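Trainee: This is the structure I have questions about; it appears just below.
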Amino acid sequence: MSGLSWSHMSHRQRIASIVSSLRPLRPRVPFYRLPAHSVPTLWFLYRGLLRASPNSNVRAHIQELFRRHRHLTSPVLTKVQLEKGHRWLDAFNQAQKGDERLRAVLERFGRLIDARRNNLRMRRIVDDSLAWQHRLLNRPIVTGALFKPSLNNGPLPRLKPQPDHISGMIHKRRVARAKRIVRQRALFSQLEDLHIEAQFEHKLAETGAPFVRSFSGPHLAQWKSPLDASLEKLVAAFDRDTARAARPTPPELVKQLKAARREKVANKTREREREARGEVLTATRRRSRLGFPAHVLARWSPEQRKANLLARRSVGEVGYVGQVKRALGYKIPPEEDRVDEATRERLDALTEELRRVNESRRAEEYAGSANGARL
């Protein structure tokens with residue numbers, strides 16, 4: 001049995017030695033780092049394509065393709081792109097040798113690439129302009145309110161919308177403070193365990209039992225020193241948080257907030273004046289959509305609904321709107337007659353003339369209808 005087993009093992013080793021020479025070896029480094037791949041690709045394929053390119057558009061397109069696929073790490077996908085590149089190189093060489101059909105195809109290909117680059121350029125210009133408009137519409141504006149100091153931030157101006165870097169700063173500090181609290185509790189627990197161990201060794205030494213001290217005596221300070229150093233760093237970080245929360249508002253920030261409040265009032269005043277002239281603004285549309293809760297509307301009559309909605313959605317203070325607002329109790333001063341005496345006399349004369357003209361026309365119409373009835 002032993003002879004048979006030995007012969008069987010030798011036969012398997014002989015077969016393995018024959019097959020191992022045919023089995024492909026897997027390299028220890030990626031294929032794209034092997035000179036057998038990089039040298040032919042760069043010095044033969046890429047250089048040959050650039051030299052044999054029929055025009056500048058095709059040459060720029062080849063450079064773009066190589067930049068796009070330079071990070072390929074899949075052997076299968078890389079093989080596909082290399083085969084395509086070699087087909088292109090053969091076509092370029094044949095066109096240089098005088099193949100008229102390939103020359104025409106490559107010229108048309110160059111024109112298509114040029115048109116595509118122009119379209120991409122125009123699309124990029126439009127996208128950049130739209131992105132710039134979006135940034136202008138959503139740029140942070142100082143509202144005039146103060147972002148009060150806290151453990152995570154000092155005094156800041158309230159911005160609308162709030163920038164992402166401020167939100168990220170506050171979030172990062174909150175997470176860091178929570179981690180410091182957990183770390184501090186762990187260090188306190190370790191110090192407590194250390195003192196318990198030292199107290200146990202001290203009591204054990206009082207009984208006279210022979211043992212080697214590990215935590216009590218001179219060893220206690222050695223164990224505590226790294227823990228105390230870590231606690232001092234954490235306490236310093238907590239002190240910085242407390243100082244940040246107690247930081248006073250700088251005078252420059254106060255001036256900036258006051259200027260923003262004045263500008264806000266002036267802006268709203270200009271907005272109301274534009275609405276009074278009849279312009280429909282974003283604020284006008286937003287106000288037109290304002291309403292009252294359903295349980296409030298259910299208690300009102302149709303006239304009350306109309307009056308309250310009119311007063312809420314309108315900014316005017318004269319005429320019918322002013323009359324409705326005064327009836328509802330709005331604090332609106334009474335209307336003033338700002339017409340001088342000369343203008344009033346002229347308007348009265350025009351009113352009297354208009355009355356006489358209307359009376360004469362009604363009399364003529366009445367006389368004409370009476371004559372028609374006689375006939």
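Trainee: Cα-Cα over 19 Å: which of Lys160/Lys268; Lys160/Lys258; Lys268/Lys306; Lys148/Lys233; Lys179/Lys233; Lys148/Lys268?
Mentor: Lys268/Lys306; Lys148/Lys233; Lys148/Lys268
Trainee: Hey, another quick one. Suppose the chain between Ile166 and Ala294 were pulled fully straight at 0.36 nm per residue; how much longer would it get relative to their current alpha carbon spacing?
Mentor: 42.1 nm
Trainee: Okay, next question. Based on the Cβ-Cβ distance from Leu120 to Val80, what FRET efficiency comes out when R0 is 22 Å, to the nearest 0.05?
Mentor: That pair, Leu120 with Val80, gives E of 0.35.
Trainee: Apply the Karplus parameterisation 6.51 cos²θ - 1.76 cosθ + 1.60, with θ equal to phi minus 60°, to every residue of the stretch 163-168 and state each ³J(HN,Hα) to the nearest whole Hz, in sequence, with x for glycine and proline.
Mentor: Each residue of the stretch 163-168 in turn: x, 5, 5, 6, 4, x Hz.
Trainee: Output needed: percent of Cα pairs per 5 Å distance bin for the stretch 145-249, bins running from 0 to the one holding the longest distance.
Mentor: Reading the bins upward from 0: 2, 11, 15, 15, 12, 9, 9, 7, 6, 5, 4, 3, 2, 1, 0.
Trainee: Next up: Given labels modelled 7 Å from the Cα in the Cβ direction, how far is it in nm from Glu206 to Phe188?
Mentor: Here the answer is 2.8 nm between the modelled labels.
Trainee: Just want to confirm a number: the relative contact order over the chain, from Cα pairs under 8 angstrom separated by 6+ residues, in percent.
Mentor: Once divided by the residue count of the chain, the mean separation gives 11 percent.
Trainee: List, in order, the whole-Hz ³J(HN,Hα) value for each residue of the stretch 308-318 obtained from phi through the Karplus relation with A = 6.51, B = -1.76, C = 1.60 and θ = phi - 60°; use x for Gly and Pro.
Mentor: For the stretch 308-318, the Karplus curve yields 5, 5, 5, 5, 7, 8, 10, 9, x, 10, 10 Hz.
Trainee: If I take R0 = 35 Å and measure r between the Cβ atoms of Gln133 and Glu252 in this structure, what FRET efficiency does the formula 1/(1 + (r/R0)^6) give, to the nearest 0.05?
Mentor: Computed FRET efficiency for Gln133 and Glu252 comes out at 0.65.
Trainee: Between Arg108 and Ala145, what is 0.36 nm times their sequence separation minus the Cα-Cα distance? Round to one decimal in nm.
Mentor: The Arg108-Ala145 span can extend by a further 7.1 nm.
Trainee: Still on this structure: Per-residue counts of other Cβ atoms within 10 Å, averaged by peptide: what ranking do you get for 168-175, 207-214, highest first?
Mentor: So the peptides 168-175, 207-214, ranked by packing, come out 168-175, 207-214.
Trainee: Determine ³J(HN,Hα), in whole Hz, for all residues of the stretch 137-154 in sequence, where each value follows from phi through the Karplus function 6.51 cos²θ - 1.76 cosθ + 1.60 and θ = phi - 60°; x replaces Gly and Pro.
Mentor: So the J values, rounded to whole Hz, are 5, 10, 6, x, 10, 6, 7, x, 8, 9, 7, 4, x, 8, 5, 9, 7, x.
Trainee: What dipole magnitude, in Debye to the nearest 20, does the stretch 236-345 give about its Cα centre under +1 on Lys/Arg Cβ and -1 on Asp/Glu Cβ?
Mentor: Using only the charged Cβ atoms, the result is roughly 700 debye.
Trainee: Give me the net charge of Asn152's neighbourhood, meaning all other residues with Cβ under 10 Å from the Cβ of Asn152; Lys, Arg count +1, Asp, Glu -1.
Mentor: Surrounding charge for Asn152 is +4.
Trainee: Based on other C-beta atoms within 10 Å, arrange Tyr32, Tyr46 from fewest to most.
Mentor: Tyr32, Tyr46
Trainee: So if we plug the beta-carbon distance of Glu271 and Tyr320 into 1/(1 + (r/R0)^6) with R0 = 22 Å, what FRET efficiency do we get, rounded to 0.05?
Mentor: 0.50
Trainee: Continuing with this model, one more query. Given C-alpha coordinates of the chain, what is the ratio Rg to Rh with the Kirkwood estimate of Rh?
Mentor: 1.28
Trainee: Can you give me the C-alpha center-to-center distance between the stretch 25-85 and the stretch 340-366, rounded to a whole angstrom?
Mentor: 94
Trainee: Using alpha carbon centroids, what distance separates the stretch 125-151 and the stretch 226-266, in Å?
Mentor: 23
Trainee: Which residues does the label zone of Ser38 cover in the stretch 51-79, counting backbone N under 15 Å from a point 7 Å along Cα→Cβ?
Mentor: Flagged as within label range: 70-73.
None of the figures in this text is laboratory data; all of them are computed from the coordinates on show. Because the structure is predicted, anything quoted here is derived from the model rather than measured. Quick reminder, even Gly has a Cβ in these numbers, built from the backbone with ideal geometry, and neighbours come from all protein chains shown.
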